[in-house]
Amino acid sequence: MWFSLARRLGSLLVVMFLVATMVFFLTRLAPGDPAAIMLGDQATPADVERLRAVYGLDKPVLVQYVLWLKEVVQGNLGQSIFLQRPVTTALAERVEPTFFLTLFSIVIATLIGVPAGIASAVWRGRTVDQVVSALAMLAANIPSFWLGLIFIQFFAVRLGLFPVAGYGDPGASLAERLTHLVLPAAVLGIVNSALITRFTRASMLDVLGDDYVRTARSKGVPETGIVLRHAFRNALVPIVTVIGLTIALLVGGAIVTETVFGLPGIGNLVVSAVLRRDYPVIQGALIAVAALYVLIHLAVDLIYTLVDPRVRT
């Protein structure tokens, strides 16, 4: 088991190196000069060159890459050009809304997707199955920004149940700030529950037709016990996989949702950094997201060993 874990960690380090390399060079391919954008249209070429020298942008790209990679290995993601603070500090200031938004969204998506998928599999071909499949297809094809605007118009503007946008005042309590996440979390949870529903249904259908399920029925085991104790436990591995994948997708989907709801999270920070060509922030944020992706996949692999002992062999 330890050898397998070490092998996975080694492969994850290779993935992170490749991601860091791609992120660096892709940001440099984007049009626009951070120094020129920062100084404005009235700046002279000499002013732009001086500012480029301050941030090391005048060096050859390969030299910039090597210097940047050395800093990243040491845990330093660089200094934001526009925010004038370390990238790690800028990310830490924005992580709370994104963390709670992702957490609430995956809880909502799981609470919707898993029971809906189980019900759809148990009553396959019946009205329940058809309704769940139709709703899952609808949720999968609804743009999150459009659903967010609908929720804002109905629940915030018309009914006044939730804040329209923002994350509350800086001095507000955590509970008050979290009320601003109800609508965006519901949007992301509904949209991403479709994938969990489909995988849960397919996984349950695979195990409901197995011999041990028919044997349990022949022994008179109640249907609820068959579904939850026998079928669901053996269908957990694909379900855990898709939940882990959904968490990773939620981090990317949070960028659009945070913009719609005006949340000061990492997604909003990335959008602002892209518009300003703030290379250190773009690179640091994408590396942090990539690290989260690989850690989620590692956690899913470890959970496999708890859910299904056969994976350990």
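The values are calculated or read from the model by the stated rules, or taken from the named source; none is laboratory data. Keep in mind that what you see is a predicted model, and the values were worked out from it rather than measured. FYI the Cβ positions are ideal-geometry reconstructions off the backbone, even for glycines, and counts take in every protein chain you see. Calculation scope for accessible area: heavy atoms of the full protein, side chains included, ligands and nucleic acids excluded. Shrake-Rupley method; radii C 1.70, N 1.55, O 1.52, S 1.80 Å.
Scan region 59-78 residue by residue and report those that are open to solvent by less than 70 Å² (accessible area, probe 1.4 Å), among the polar types (S, T, N, Q) and under 21 Å from residue 289 (Cα atoms).
Scanning region 59-78 gives a single hit, 76.
Pairs needed: first member in region 84-98, open to solvent by 60 Å² or more (accessible area, probe 1.4 Å); second member anywhere, β-branched (Val, Ile, Thr); C-beta distance under 8 Å; at least 6 residues apart or different chains.
Every condition considered, the pairs that remain are 94/266; 95/266.
Can you tell me which condition residue 161 does not meet? The list is (1) part of a helix (DSSP H, G or I); (2) modelled with pLDDT of 85 or more, and all the others hold.
(1)
Tally up the residues in region 5-22 that are surrounded by 11 or more Cβ atoms within 10 Å (Cβ to Cβ), modelled with pLDDT under 85 and farther than 15 Å from residue 293 by Cα, please.
Looking only at that region, the number is 1.
Looking for whichever is of a type in the set (A, V, I, L, M, F, W, C), modelled with pLDDT under 90 and exposed (fewer than 13 other Cβ atoms within 10 Å of the Cβ) here; the options are 140, 175, 134. Which one fits?
Only one candidate passes the filter, namely 175.
How many of the residues making up region 213-246 are open to solvent by less than 80 Å² (accessible area, probe 1.4 Å), farther than 30 Å from residue 289 by Cβ and not in a loop (DSSP other than H, G, I, E, B)?
10
Answer yes or no as to whether residue 266 is open to solvent by less than 60 Å² (accessible area, probe 1.4 Å) and free of Cβ contacts under 8 Å to residues at least 60 places away in the same chain.
no
Is it true that some residue in region 115-127 is aromatic (Phe, Trp, Tyr), in contact with a helix residue (DSSP H, G or I) (Cβ under 8 Å, 6 or more places away or on another chain), surrounded by 13 or more Cβ atoms within 10 Å (Cβ to Cβ) and touching a residue at least 24 places away in the same chain (Cβ under 8 Å)?
No, region 115-127 contains no residue that is aromatic (Phe, Trp, Tyr), in contact with a helix residue (DSSP H, G or I) (Cβ under 8 Å, 6 or more places away or on another chain), surrounded by 13 or more Cβ atoms within 10 Å (Cβ to Cβ) and touching a residue at least 24 places away in the same chain (Cβ under 8 Å).
For residue 156, state whether it is under 24 Å from residue 111 (Cα atoms), touching a helix residue (DSSP H, G or I) at 6+ places or on another chain (Cβ under 9 Å), assigned to a helix (DSSP H, G or I) and small (Gly, Ala, Ser).
When the stated conditions are applied, residue 156 passes them.
Could we say that residue 53 is closer than 30 Å to residue 17 by Cα, among the aliphatic types (A, V, I, L, M) and surrounded by fewer than 15 Cβ atoms within 10 Å (Cβ to Cβ) here?
Considered against the rule, which asks whether it is closer than 30 Å to residue 17 by Cα, among the aliphatic types (A, V, I, L, M) and surrounded by fewer than 15 Cβ atoms within 10 Å (Cβ to Cβ), residue 53 comes out as yes.
For residues in region 139-148 being without any contact (Cβ under 8 Å) to a residue 12 or more places away in the chain and assigned to a helix (DSSP H, G or I), which is nearest to residue 187 (Cα to Cα)?
Among those that are without any contact (Cβ under 8 Å) to a residue 12 or more places away in the chain and assigned to a helix (DSSP H, G or I), it is 146.
If we scan region 189-205, do we find a residue that is under 25 Å from residue 265 (Cα atoms), without any contact (Cβ under 8 Å) to a residue 40 or more places away in the chain, of a type outside the set (Asp, Glu) and in a helix (DSSP H, G or I)?
no
Is there any pair linking a residue in region 150-167 that is under 13 Å from residue 181 (Cβ atoms) to one that is hydroxyl-bearing (Ser, Thr, Tyr), with Cβ under 8 Å and at least six apart or on different chains, and which?
Here the result reads 162/179; 163/179, each pair linking region 150-167 to a residue that is hydroxyl-bearing (Ser, Thr, Tyr).
Quick one: residue 81 ticks every box in (1) at pLDDT 85 or above; (2) open to solvent by less than 20 Å² (accessible area, probe 1.4 Å); (3) over 30 Å from residue 227 (Cα atoms) bar one, so which box is it?
(1)
So which pairs qualify, if the first residue must be in region 52-72 and farther than 16 Å from residue 86 by Cβ and in a helix (DSSP H, G or I), the second must be open to solvent by less than 50 Å² (accessible area, probe 1.4 Å) and among the aliphatic types (A, V, I, L, M), the Cβ gap must be under 6 Å, and the two must be at least 6 apart or on different chains?
If the second residue must be open to solvent by less than 50 Å² (accessible area, probe 1.4 Å) and among the aliphatic types (A, V, I, L, M), the pairs left are 52/35.
Look at residue 37 and say whether it is crowded, with 17+ Cβ neighbours inside 10 Å, among the aliphatic types (A, V, I, L, M), more than 30 Å from residue 133 (Cα to Cα) and touching a Lys or Arg at 6+ places or on another chain (Cβ under 6 Å).
Yes: the conditions hold for residue 37.
Out of all the residues in region 186-202, is one or more within 21 Å of residue 246 (Cβ to Cβ), buried (at least 19 other Cβ atoms within 10 Å of the Cβ) and touching a Lys or Arg at 6+ places or on another chain (Cβ under 9 Å)?
Scanning region 186-202, I find at least one residue that is within 21 Å of residue 246 (Cβ to Cβ), buried (at least 19 other Cβ atoms within 10 Å of the Cβ) and touching a Lys or Arg at 6+ places or on another chain (Cβ under 9 Å), so the answer is yes.
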